[in-house]
1. Among the residues of segment 501-537, which ones are part of a helix (DSSP H, G or I) and either within 26 Å of the chain's Cα centre (by Cα) or free of Cβ contacts under 8 Å to residues at least 12 places away in the same chain (or both)?
2. Name the residues in segment 623-669 that are surrounded by 13 or more Cβ atoms within 10 Å (Cβ to Cβ) and on the phi > 0 side of the Ramachandran plot, would you?
3. Give segment 464-497 a look and list any residue that's among the hydroxyl-bearing types (Ser, Thr, Tyr), within 29 Å of LEU618 (Cβ to Cβ) and either surrounded by fewer than 18 Cβ atoms within 10 Å (Cβ to Cβ) or touching a Gly at 6+ places or on another chain (Cβ under 9 Å) (or both), or say none.
4. Go through (1) within 27 Å of GLU304 (Cβ to Cβ); (2) surrounded by 17 or more Cβ atoms within 10 Å (Cβ to Cβ) one by one and return the number of the condition ASP439 breaks.
5. Do we have any residue at all in segment 198-213 that's outside any helix (DSSP H, G or I) and either surrounded by fewer than 20 Cβ atoms within 10 Å (Cβ to Cβ) or without any contact (Cβ under 8 Å) to a residue 40 or more places away in the chain (or both)?
6. State which residue pairs qualify: first residue more than 17 Å from ARG375 (Cα to Cα) and hydroxyl-bearing (Ser, Thr, Tyr) and inside segment 161-188, second residue in a loop (DSSP other than H, G, I, E, B) and modelled with pLDDT of 90 or more in any location, beta carbons under 8 Å apart, and separation of 6 or more residues or different chains.
7. Taking only segment 347-401 into account, find how many residues are within 30 Å of the chain's Cα centre (by Cα) and of a type in the set (A, V, I, L, M).
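The values are calculated or read from the model by the stated rules, or taken from the named source; none is laboratory data. Since the model is a prediction, treat every value here as computed from it, not as a measurement. Cβ sites come from the backbone with ideal geometry, for glycine too, and all protein chains shown count toward neighbours.
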Amino acid sequence: MAALLAGLKTSLYMINRLKAYMDYLRDLPVTQTRDNFETALTELHALILQFLARAIQSYQRSSLTRAFDAFWKPKEMHDFEDECERIATQVETEASNCDRTLSACEREEANLRKEHLQRVLEELEELQDIKESVSVLESKIDLATLPTAKAAAFNSYVDELDARCHPDTRIDLRHQIRKWAEDSQGKCIFWLNGMAGTGKSTISRTIAQSLDNDGQLGASFFFKRGEGERGNASRFFTTITAQLLRRVPAMIPHVRNTINTEPEISEKSLKEQFEKLVFQPLSQIRITFTQVSTLVIVVDALDECEREGDVRTILHLLSQTKNLKTIRMRIFLTSRPELPIRLGFMKMSSDTHQDVILQDIPQITIKNDISVFLRYGFTKIREDYNCLHPSDASLPSSWPGEEHIQALTEMALPLFIFAATVCRFVGDSKWNPKNRLADVLKYQMSRQASMLDKMYLPVLNQLLIDLTDSEKESLAQEFREIVGSVVVLADPLSTSSLAGLLGINIEIIYCRLNSLHSILSIPPDRDSPVQLLHISFRDFLLDPEKRGKSPFWVDERETHEMLKTRCLELMSRPKSLRENICRLESPGTLRREIHSQTIDDCLPGDVRYGCRYWVHHLEQSGRRICDQDAVHIFLQEHFLHWLEVLSLIGVMSESITLIGTLQSLIAVS
């Protein structure tokens with residue numbers, strides 16, 4: 001590929017030279033020397049056309065044929081370049097011969113044309129557009145082979161509506177973080193930690209946006225448990241690298257060299273990925289940053305990374321960026337104060353990291369920020385409600401009143417997520433805001449209710465209003481099956497895929513989710529994923545302390561077992577998995593040659609999910625594999641079909657790990 005790009009670069013340059021010569025030729029008098037000049041130009045033109053024709057012909061062949069085509073050999077590219085230069089030299093000679101045969105009058109006009117020609121050729125020599133376009137093309141080719149985690153960046157479309165800090169909140173903290181980022185003597189890592197719901201991700205997103213606006217954001221990765229590759233570290237450093245390449249183009253040749261020499265780098269250890277994709281390329285760049293003095297990598301919710309060992313490894317590797325000599329790199333990192341993260345920081349020297357604990361910020365500051373947020377939120381609720389209702393039913397300008405704002409503020413302290421959930425709950429356009437606010441305030445004086453109870457029980461208890469005992473039990477069962485699945489899925493599913501996986505009518509899915517917009521992101525279309533608005537809802541539903549005490553409690557292991565069973569049943573249906581499921585004409589067809597629409601048509605979202613994650617649910621259920629059980633029978637009938645699907649959906653590299661997991665789960669008699 002590099003040889004081809006070099007040949008195309010030469011062709012583009014020669015075509016521009018050829019055009020300049022042709023302009024010069026056009027006004028020359030008809031002479032033998034002019035004919036010789038034209039013949040040389042024709043030869044140069046023919047050589048370029050032959051090269052381009054051969055390139056097009058080669059690209060129209062199959063990948064296998066192209067692999068053996070001598071056209072790709074670097075020597076042939078060098079020969080082509082040498083031949084271009086030889087003919088170009090001949091063109092120069094013939095142009096000079098033309099000049100010598102001109103009369104004095106013609107010579108004066110020709111000299112003007114020749115001066116113009118010389119200026120064009122000199123400008124062409126200095127032209128950078130060709131080199132830059134080739135460099136961009138090369139970088140895109142390299143990036144295409146560098147797998148990244150979908151929606152991990154702070155500004156991804158999936159999280160587009162996620163909140164940023166209100167301009168009048170977190171003022172001192174945001175100023176402190178920006179001051180740290182700009183301090184040439186600042187510590188390498190700024191660790192912002194706090195309990196769930198204290199607003200860490202909102203702060204991260206706000207800081208990332210601010211840094212990006214100022215050109216100081218190097219990269220960002222927002223971990224999110226239960227959302228595929230955002231919930232683990234497998235694509236962490238490749239995603240960071242892909243973003244850094246856009247901010248620091250000087251890294252491109254070094255990363256390209258790594259990819260060329262080690263195409264499987266994305267499947268190697270985190271240490272190797274960091275060293276060869278991040279640290280070494282940054283160490284080898286030779287540039288001077290004039291616009292920014294520092295680049296910051298934002299890592300949010302590191303505690304939501306699945307494997308504790310990966311968490312410790314990431315912390316250790318990121319701390320090494322302080323040793324970079326070519327560029328000043330800073331790491332802004334947020335997490336809960338989980339033990340693996342605390343231990344990771346304890347192993348670092350004190351001059352490596354600066355820590356801020358959110359809940360240790362003065363209570364008066366947090367209280368003021370939450371009250372500002374609530375006032376803004378309830379003003380918007382009032383305005384939206386009054387737009388939809390006649391004046392005699394509208395909310396007064398004094399609603400909800402300072403007393404209620406202060407009561408909600410006290411209930412929320414120190415959790416911003418509480419305030420955000422209350423605003424979404426009360427502001428649901430299908431309900432009366434006054435009644436909803438009253439439902440929340442019922443828990444104001446409760447000493448038995450936890451913070452999460454006060455946040456989520458008002459939302460869930462309204463599902464049970466006016467139901468008989470048998471209806472409540474039926475609803476709770478459907479809730480545990482549908483919403484319980486949503487909170488433990490390995491990757492979010494759309495409502496249509498969720499209905500297919502669970503074998504439940506999609507109308508029932510919508511009915512059960514319809515009242516939960518304040519705690520779940522539920523898109524209006526059937527093909528976009530249903531997502532948690534905050535991980536604390538998962539913690540609330542799966543809390544083992546609520547076993548037998550709440551009709552909404554979800555048994556995590558039993559839910560994984562149910563999902564494993566549903567996956568196996570789905571994949572075992574007639575025509576669900578079979579040989580050559582995409583009906584390809586040739587067994588040697590490469591994955592990249594199969595149109596994505598073909599795969600989508602043959603493998604709907606629920607089947608793709610089942611194939612990729614049934615082993616995960618089996619492992620999390622705590623069950624073992626026994627002779628002639630459902631897993632054994634599935635593997636006997638569909639093992640190769642399953643591997644074929646993994647290949648088609650682009651995750652064949654995961655198969656080795658999945659098979660290893662299955663082997664570890666075999667019950668030994």
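1. LEU501, GLU507, CYS511, ILE535, SER536, PHE537
2. Once the filter is applied, which keeps residues that are surrounded by 13 or more Cβ atoms within 10 Å (Cβ to Cβ) and on the phi > 0 side of the Ramachandran plot, segment 623-669 yields only GLY650.
3. SER474, SER494, SER496, SER497
4. (1)
5. no
6. Note: pairs meeting the criteria are SER184/ARG328.
7. 4
Here's the yes/no breakdown for (1) small (Gly, Ala, Ser); (2) in contact with a Leu (Cβ under 7 Å, 6 or more places away or on another chain); (3) part of a helix (DSSP H, G or I); (4) under 23 Å from ILE177 (Cβ atoms):
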| site | (1), (2), (3), (4) |
| --- | --- |
| GLN354 | no, no, no, yes |
| LYS367 | no, yes, yes, yes |
| PHE378 | no, no, yes, no |
| GLU410 | no, no, yes, no |
